[in-house]
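Report on one structure; see the data block that follows.
The values are calculated or read from the model by the stated rules, or taken from the named source; none is laboratory data. The shown structure was predicted, so the numbers you read here are calculated from the model rather than taken from an experiment. A quick note on method: Cβ atoms are made from the backbone with ideal geometry, for glycine too, and the neighbour counts reach across all protein chains shown. Note: accessible area is taken over every heavy atom of the protein model, side chains too, but ligands, DNA and RNA are not part of it. Shrake-Rupley method; radii C 1.70, N 1.55, O 1.52, S 1.80 Å.
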Amino acid sequence: MSVETGFIGVGILLVLLLLRLPVAMALIMVSFGGVVALVGVTPAIGILAGTPYDFVASWTLSAVPMFLLMGFVAYYTGMTGGLFDLAKLMLRKLPGGLAISSIFACSGFAAVSGSSLACAAAMGRIAIPEMVQAGYRPSLAAGCIAAGGTIGALIPPSILMIIYGVFAETSIIEVFLGGVGIGLLTALGYCAVILVICRFRPDLIPSHTIDVGVGDIRAALKSVLPIMVLIVFMFLGLVLDIFSATEAGAMGAFGTIVIAGVAGRLDREAIWQSLLETVITTGSLFIIGVGAMMFTRFLGLSGLSGFINSWVAGADLSYLHLMIIIVLVYLALGTFMEPFGALLITLPVFLPVLRDQGVSLVWFGVLVVKLLEIGMITPPVGMNVFVIKNVAQKYVTTAQIFVGVIPFLIADLLVVVAVIAVPAIVLYLPDLLR
Amino acid sequence: MITLVTTASKISRLLAILGAVAVLAMMGHICLDVVLRNLFSISFDVTNAMVARYYMVPLAFLPLGWIELRGEMVSVELVDGALPPALLRGSDVVVALIAAGIYGVLTWATWGNAMSNYTRGTFLLLGETRFYTWPSYGVPVLGFALAGVACLIRGIDRALGITPGKASA
């Protein structure tokens with residue numbers, strides 16, 4: 001009976017989500033009701049009373065608001081604008097140089113921000129008008145930045161990876177290192193897409209030249225200096241063991257504020273907006289985490305995780321079959337769910353199965369983040385696309401951005417296939433650490 | 001009703017500002033610990049506990065009311081575009097009232113937990129020092145209670161059609 005309760009709980013959860021109940025509330029409601037049905041009211045109240053505090057009062061999770069603050073300060077002080085200027089001067093001779101530059105700039109921004117939305121918004125404001133002015137098809141320009149923004153959550157720091165690491169009880173620093181591999185592969189994949197489009201559809205990306213003087217390069221280097229200092233500061237701090245991965249968030253946020261202040265970019269409005277966004281994102285994220293923690297306990301009590309485990313073992317699923325199922329589940333959830341919700345709802349089900357199957361949880365964490373980020377650019381609910389629509393509404397419609405994203409989605413799927421076929425793409429760097 | 005929304009908005013905004021203060025305090029405390037540890041080999045025993053109990057807890061729970069009032073909780077918006085305005089409004093009301101009920105139960109449950117920790121005088125033993133943690137157990141109670149009130153106000157606000165979309169915050 002308890003396994004059936006587990007299945008009923010999952011079904012009710014999906015219905016409540018479709019009925020527009022916030023993800024956190026749906027998780028808490030189903031978990032409470034499920035635990036009451038399984039073991040009674042008193043244990044259910046015990047879970048409700050203790051879980052919120054126990055989940056949130058965590059030293060490791062403190063990295064989440066700190067990395068969020070770091071990214072928002074970098075965004076609101078405009079510290080990242082120089083990345084695009086420098087990249088476009090360096091890559092001006094390549095076909096599709098502006099688009100490729102925007103991908104490189106996204107990768108650079110990703111090194112100081114853990115959110116793909118911030119990355120897409122920051123680069124969208126700067127790069128799309130310039131690409132459109134240079135004659136790029138607006139849908140492709142917008143699609144390129146919507147996809148490029150996803151690199152923000154792949155290259156560390158990454159908020160999704162921290163949350164995954166906490167739930168999977170695996171090394172966050174190893175998941176971060178794995179993210180470097182998949183982030184760079186994604187960036188290269190997007191660049192390859194742009195080059196292919198330049199070759200076969202020159203009407204979408206016209207050839208265009210930039211006249212460059214020594215002064216331009218010097219100015220671009222100067223404007224990118226603050227962000228380079230920040231990246232080097234973070235890298236050296238971690239490598240020289242001056243601060244831990246958890247402390248890196250606070251040091252990075254502090255470093256960003258100081259560097260932005262020295263560069264004359266910091267004002268009261270930028271600080272206030274950064275704090276506001278940090279508080280809102282942290283609050284809405286952690287309450288989902290509380291719900292997911294309760295849901296994990298409910299599924300554990302119901303025996304559903306064990307049942308699925310036995311089913312997978314009994315069905316004699318190969319590694320490939322298991323991965324296909326997992327990839328399809330995440331791609332389907334990604335079409336309508338926000339990544340944190342999708343991550344926290346599925347981990348209680350998938351993690352025990354993957355542990356049993358001996359799958360590396362570091363590798364899986366990186367793969368899951370990649371799959372969730374694909375969901376950020378797929379219709380009907382593609383958050384990055386909506387952000388781009390917001391910053392480039394005079395150039396494109398939402399439907400046109402979804403069309404522009406298609407070539408980059410193909411590259412994404414090839415990256416997923418490559419990572420499943422060759423896990424070393426992700427695990428090479430984490431293995432070096434061991 | 002407008003006065004009620006404005007008052008709730010002011011209180012929840014104040015609590016959200018306290019959350020922002022917790023963010024800055026957490027950053028400052030961790031950075032100070034790192035700098036003193038590396039330059040003078042001085043480390044605060046209390047940093048981890050302080051961050052977890054007195055910065056993270058207010059940061060996570062105090063802004064909930066404000067987030068609810070602004071309608072910024074993460075939800076699945078798959079059917080939003082397909083619903084006619086009247087049905088969407090009805091759905092907003094039901095969702096807000098359910099959420100208010102859930103926050104009510106959470107407030108009650110965490111209140112019991114807070115009182116039990118208060119009675120026991122819960123503390124962590126850091127070396128020889130007692131680090132009292134019982135006051136921090138009251139923070140979720142406050143956060144959930146205000147979030148519940150915010151949801152209730154949002155629900156009534158939508159039912160009466162005072163604000164066209166989200167309640168003003």
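Just a few scattered comments:
- Portion, in percent, of the accessible area of region A:164-214 that falls on carbon or sulfur, probe 1.4 Å: 64
- Relative contact order for chain A, counting Cα pairs under 8 Å that sit 6 or more residues apart, in percent: 27
- Taken about its Cα centre, chain A carries a charge dipole of roughly 920 debye when the Cβ of each Lys and Arg holds +1 and the Cβ of each Asp and Glu holds -1.
- 0 to 90° range, to nearest 10: angle between helix B:138-160 axis and chain B longest Cα axis: 10
- Average accessible surface area per residue within region B:64-169, 1.4 Å rolling probe, Å²: 48
- Rounded to 10°, Cα long-axis angle of helix A:424-433 versus longest principal axis of chain A: 80
- Around residue A:337: net Lys/Arg minus Asp/Glu count, Cβ-Cβ under 14 Å: -3
- Charge tally around residue A:133: other residues with Cβ under 13 Å, Lys/Arg +1 each, Asp/Glu -1 each, net +2.
- Phi angles of region A:85-95 translate, via the Karplus equation with coefficients 6.51, -1.76, 1.60 and θ = phi - 60°, into HN-Hα couplings of 4, 5, 4, 6, 6, 6, 9, 5, 8, 7, x Hz per residue; Gly and Pro are given as x.
- Summed buried accessible area for A+B [probe radius 1.4 Å, Å², rounded to 100]: 4800
- Dipole orientation for chain B: of the candidates B:26, B:116, B:74, B:116 has the Cα lying most toward the positive pole (charges on Cβ; Lys, Arg +1; Asp, Glu -1).
- Mean-position separation - Cα centroids, region B:30-62 and region A:1-70, in angstrom: 28
- Compared with the dominant principal axis of the Cα atoms in chain A, helix A:116-133 is inclined by about 30°.
- Note on region B:30-169: with charges restricted to the Cβ of Lys and Arg (+1) and Asp and Glu (-1), its dipole about the Cα centre is near 200 debye.
- The accessible surface of region A:74-113, taken with every protein chain in place and a 1.4 Å probe, is 65 percent carbon and sulfur.
- Taking Lys and Arg as +1 and Asp and Glu as -1, the other residues whose beta-carbon sits under 15 Å from that of residue A:397 total +3.
- Calculated FRET efficiency for the pair residue A:428/residue A:357, C-beta based, R₀ 35 Å, to 0.05: 0.95
- Remark: spin-label model distance residue B:36-residue B:6 equals 4.5 nm, labels positioned 7 Å along the Cα→Cβ axis.
- Here's how it looks for residue B:124: its modeled amide H is under 5 Å from those of B:131, B:132, B:133, which are all 5 or more places away or on a different chain.
- Note that region A:161-176 has calculated 3J(HN,Hα) couplings of 5, 5, 4, 4, x, 5, 5, 7, 6, 10, 5, 5, 5, 5, 5, 4 Hz, one per residue in order, obtained from phi through the Karplus relation 6.51 cos²θ - 1.76 cosθ + 1.60 (θ = phi - 60°); glycine and proline are x.
- Over region A:299-434, relative contact order from alpha-carbon pairs under 8 Å, at least 6 apart, %: 25
- Counting only residues at least eight positions apart within a chain, or on another chain, the lysines with an alpha carbon under 27 Å from that of residue A:370 are A:88, A:389.
- Computed [θ] at 222 nm, helices only, for the protein assembly as shown once each DSSP H run of length n ≥ 4 contributes -39500 (n - 2.57): -25000 deg cm²/dmol
- Most positive-pole-ward Cα, A:415, A:143, A:367, against dipole of chain A from beta carbon charges: A:143
- In the calculated pair-distance distribution of region B:31-169, the portion above 27 angstrom amounts to 42 percent of the Cα-Cα pairs.
- Residue by residue, region A:283-297 carries 3J(HN,Hα) couplings of x, 6, 6, 5, 5, 5, x, 4, x, 5, 5, 5, 5, 4, 5 Hz when phi is fed to the Karplus relation 6.51 cos²θ - 1.76 cosθ + 1.60 (θ = phi - 60°); x denotes Gly or Pro.
- Net length gained if the chain between residue A:216 and residue A:320 were fully extended (0.36 nm per residue, minus Cα distance): 32.4 nm
- Taking every protein chain into account, the accessible area of chain A amounts to 37 square angstrom per residue (probe 1.4 Å).
- Dipole in debye (nearest 20) - region A:287-434, about Cα centre, beta carbon charges: Lys, Arg +1; Asp, Glu -1: 280
- The distance separating the Cα centre of region A:360-386 from that of region A:171-198 comes to 13 Å.
- For region A:94-253, relative contact order (Cα pairs under 8 Å, six or more residues apart, normalised by length) works out to 26 percent.
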